[in-house]
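As structure tokens, the structure follows; a few thoughts come after it.
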Amino acid sequence: MDKDKVLPESSKKDMILIPSLALNLLLLYPLFVGCKKWELLSWSRRAAAEAEAVASVSCSGHGRAYLDGLPVDRMPVCECNSCFGGPNCSEVIAGCPADVDSGDPLFLEPFWMQRAASSAVLIAGWHRMSYSFNDNSSISQELEKHIRKVHAIAKNAVTGRFIVFGAGSTQLLNAAVHALSMDNPSPPSAVVASVPFYPKLKVSYKQQTDFFSSMGYKFYGDASMSKNPSDVSMNAIEFVTSPNNPDGKLRKKVLRGESVRAIHDHAYYWPHFTGIPTPADEDIMIFTLSKLTGHAGTRFGWAVIKDEAVYRRMLTYSDESCYGVSRDTQVRALKLLKVVLEGEGRELFTFGYKTMKDRWEKLSHALSFSKRFSIQDIAPVYCSFFQGIRDPSPAFAWFKCEGEEDKDCYTVLRDAGIIGRRGTLFGAESCYVRLSLVTRQDDFELLLRRINKLVAEKGGFFMVK
């Protein structure tokens, strides 16, 4: 352009206007895209509103309303805790027994109520519709990575090996027995456990053997009944539950021999239930989300396995029986473990430990006034997670009626308004009853009142307040 040529005034305005329009478009573009994104994400708003509406239903602190509950007049209603009723669970049911039979780990409900936002999961209708992940497996690699992180901070297991998912620990126990029994050239393998043992072991394998006409394994009972536990010649699979259900003891396998294999059930080997002296490092270790976070209904567990052949057999068992664990279950488990990892696990484990320790101390104190009734003795142990000696905080009380006149301890407690689980179901004597301490606070407080009354009337001289 000629330096001496002067542009018309209109051309000058056009030159100013063009860059101005471009700048405005550049500034408005993110807002436009943002609006479109918000429009695309608006599907989540309705789902969130529904969840908030249900969560806001008042149940007097003695119940909950749920999204999948039966509505009345299209409105969510309260599902009341034991011994409470009425539209908002404010009515106490007179004469209601303290039902502490179940191992439902509901003591962690308050922890998750306080973390409703961080633990919430919103699942789209199109989420993971395929049978498998992109790598053609049924296992979320991200979830597996978080499981290893949780074990690392809890210091309760060595995880530098294979991991298999299952629908809770029950499926994994079955898968492990199936995998190990395949090595036996002369079936059936003898499945054993030391008394007292979790009754599901006996029931599960007896029923499974009968139902499937399986000749691969058979439940033989008490491992300690072997004539020579240090040198067992028969093919045996020993269940080692540590901490044990029902007495909370840390256990090791009893049987020894080249033909003996062990499955270690570490469902309760977490810092809120027991001290963690050292990381577990066995051939097959089974864990479950229900005892870690309290989410029993999510039905998720995992096995840590050393041997690749056993790992592949267990993986095949899981895939063939139910094509792996639900993808929706896995995404919820992942979200929960992310919350657990906040603060290096200290928030969850401290809350759980303090709650269980407080319950154990109150029950122990109440029974200290009695000579007719007792619970197991558990010594304080060092915990690598809390870095010090910690007091007992077991999931269950192994209650014993000491008197000759109280041999049927279950009936003694039932007559006192307490429902536990018979000791005979654990392979023990009838003078024992398991009392669950992982219940809701309402249930524990009712149990304590009934124990106080029982001790005052039959086993001691003072009423504990």
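Going by the conditions given, is GLY324 without any contact (Cβ under 8 Å) to a residue 24 or more places away in the chain and under 20 Å from the mean Cα position of the chain (by Cα)?
It is false that GLY324 is without any contact (Cβ under 8 Å) to a residue 24 or more places away in the chain and under 20 Å from the mean Cα position of the chain (by Cα).
Which one of these does THR288 not meet: (1) buried (at least 23 other Cβ atoms within 10 Å of the Cβ); (2) modelled with pLDDT under 85; (3) hydroxyl-bearing (Ser, Thr, Tyr)?
The single condition THR288 does not satisfy is (2).
Could you tell me how many of the residues in region 59-92 are under 17 Å from ARG440 (Cβ atoms) and of a type in the set (Lys, Arg)?
Final tally of qualifying residues: 1.
What is the one condition in (1) open to solvent by 60 Å² or more (accessible area, probe 1.4 Å); (2) touching a strand residue (DSSP E or B) at 6+ places or on another chain (Cβ under 6 Å); (3) among the small types (Gly, Ala, Ser) that ALA303 does not satisfy?
(1)
Yes or no: CYS89 touching a helix residue (DSSP H, G or I) at 6+ places or on another chain (Cβ under 8 Å) and closer than 20 Å to ARG449 by Cβ? Even if it seems obvious, please write down each step before you answer.
On the way: touching a helix residue (DSSP H, G or I) at 6+ places or on another chain (Cβ under 8 Å): no; closer than 20 Å to ARG449 by Cβ: yes.
Taking the combined requirement at face value, the residue does not satisfy it.
A quick yes/no check of all residues on (1) at negative phi; (2) open to solvent by 10 Å² or more (accessible area, probe 1.4 Å); (3) assigned to a loop (DSSP other than H, G, I, E, B); (4) of a type outside the set (Phe, Trp, Tyr):
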{"position": "LYS252", "(1), (2), (3), (4)": "yes, yes, yes, yes"}
{"position": "HIS264", "(1), (2), (3), (4)": "yes, yes, no, yes"}
{"position": "TYR269", "(1), (2), (3), (4)": "yes, yes, yes, no"}
{"position": "GLU282", "(1), (2), (3), (4)": "yes, yes, yes, yes"}
{"position": "LEU292", "(1), (2), (3), (4)": "yes, no, no, yes"}
{"position": "VAL310", "(1), (2), (3), (4)": "yes, no, no, yes"}
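Return the only residue of ILE451, ILE418, ILE389 being at pLDDT 95 or above and open to solvent by 10 Å² or more (accessible area, probe 1.4 Å).
Numbers: ILE451 fails: open to solvent by 10 Å² or more (accessible area, probe 1.4 Å); ILE418 fails: open to solvent by 10 Å² or more (accessible area, probe 1.4 Å).
Result: ILE389 is the single residue among ILE451, ILE418, ILE389 that is at pLDDT 95 or above and open to solvent by 10 Å² or more (accessible area, probe 1.4 Å).
Filter region 141-158 for residues that are open to solvent by 10 Å² or more (accessible area, probe 1.4 Å) and closer than 14 Å to TYR269 by Cα and give the result. It would help to see each step written out before you state the result.
So the first thing to find is which residues in region 141-158 are open to solvent by 10 Å² or more (accessible area, probe 1.4 Å), and the list is 141-142, 144-146, 148-149, 152-153, 155, 157-158.
Scanning region 141-158 gives ALA152, ILE153, LYS155, ALA157, VAL158.
List the residue pairs whose Cβ atoms are under 9 Å apart, where the first residue sits in region 170-188 and is free of Cβ contacts under 8 Å to residues at least 24 places away in the same chain and on the phi > 0 side of the Ramachandran plot, the second is in a helix (DSSP H, G or I) and surrounded by fewer than 24 Cβ atoms within 10 Å (Cβ to Cβ), and the two are 6 or more positions apart or on different chains.
Pairs that qualify, where the first residue is free of Cβ contacts under 8 Å to residues at least 24 places away in the same chain and on the phi > 0 side of the Ramachandran plot and the partner is in a helix (DSSP H, G or I) and surrounded by fewer than 24 Cβ atoms within 10 Å (Cβ to Cβ): there are none.
Taking the condition of a type in the set (S, T, N, Q) and free of Cβ contacts under 8 Å to residues at least 24 places away in the same chain, does THR439 pass?
Details: of a type in the set (S, T, N, Q): yes; free of Cβ contacts under 8 Å to residues at least 24 places away in the same chain: no.
Spelling it out, it is not the case that THR439 is of a type in the set (S, T, N, Q) and free of Cβ contacts under 8 Å to residues at least 24 places away in the same chain.
Looking at region 354-377, can you tell me whether even one residue there is modelled with pLDDT under 95 and of a type in the set (Phe, Trp, Tyr)?
There is at least one residue in region 354-377 that is modelled with pLDDT under 95 and of a type in the set (Phe, Trp, Tyr).
How about region 240-250: which of its residues are hydrophobic (A, V, I, L, M, F, W, C) and open to solvent by 10 Å² or more (accessible area, probe 1.4 Å)?
So in region 240-250, the residues hydrophobic (A, V, I, L, M, F, W, C) come out as 240, 250.
The answer is LEU250, and nothing else.
Which number in (1) closer than 23 Å to HIS295 by Cβ; (2) out of contact with any strand residue (DSSP E or B) (no Cβ under 8 Å at 6 or more places or on another chain); (3) open to solvent by less than 60 Å² (accessible area, probe 1.4 Å) marks the one condition that GLN330 misses?
Unmet condition: (2).
Do the conditions hold for PHE386, that is, is it touching a residue at least 40 places away in the same chain (Cβ under 8 Å) and either under 30 Å from CYS431 (Cβ atoms) or part of a loop (DSSP other than H, G, I, E, B) (or both)?
Working: touching a residue at least 40 places away in the same chain (Cβ under 8 Å): yes; either under 30 Å from CYS431 (Cβ atoms) or part of a loop (DSSP other than H, G, I, E, B) (or both): yes.
So PHE386 fits the description; yes.
Among the candidates THR298, THR278, THR288, THR274, which residue alone is hydroxyl-bearing (Ser, Thr, Tyr), in contact with a Ser or Thr (Cβ under 6 Å, 6 or more places away or on another chain) and in contact (Cβ under 8 Å) with a residue 60 or more places away in the chain? Steps first, answer last, please.
Working: THR298 fails: in contact (Cβ under 8 Å) with a residue 60 or more places away in the chain; THR278 fails: in contact with a Ser or Thr (Cβ under 6 Å, 6 or more places away or on another chain); THR274 fails: in contact with a Ser or Thr (Cβ under 6 Å, 6 or more places away or on another chain).
When all the criteria are applied, what remains is THR288.
Which one is surrounded by the fewest Cβ atoms within 10 Å (Cβ to Cβ) among residues in region 334-375 that are of a type in the set (S, T, N, Q) and part of a loop (DSSP other than H, G, I, E, B)? Quick ask: steps written out before the conclusion?
Keep residues of region 334-375 that are of a type in the set (S, T, N, Q), which gives 350, 355, 364, 368, 370, 374.
Checking which are part of a loop (DSSP other than H, G, I, E, B) leaves us with 368, 370.
Working: SER368: 12, SER370: 18.
Looking at residues that are of a type in the set (S, T, N, Q) and part of a loop (DSSP other than H, G, I, E, B), I get SER368.
Working only within region 157-199, note down all residues that are in a strand (DSSP E or B) and at pLDDT 90 or above.
The first filter runs over region 157-199 and keeps only residues in a strand (DSSP E or B), leaving 157, 162-166, 189-193.
Answer for region 157-199, where residues must be in a strand (DSSP E or B) and at pLDDT 90 or above: ALA157, PHE162, ILE163, VAL164, PHE165, GLY166.
The values are calculated or read from the model by the stated rules, or taken from the named source; none is laboratory data. All of these numbers come straight from a predicted model, not from anything done at the bench. Glycine gets a Cβ as well: all are built from the backbone with ideal geometry, and neighbour counts include every protein chain shown. Side chains included, ligands, DNA and RNA excluded: accessible areas come from the protein's heavy atoms. Shrake-Rupley method; radii C 1.70, N 1.55, O 1.52, S 1.80 Å.
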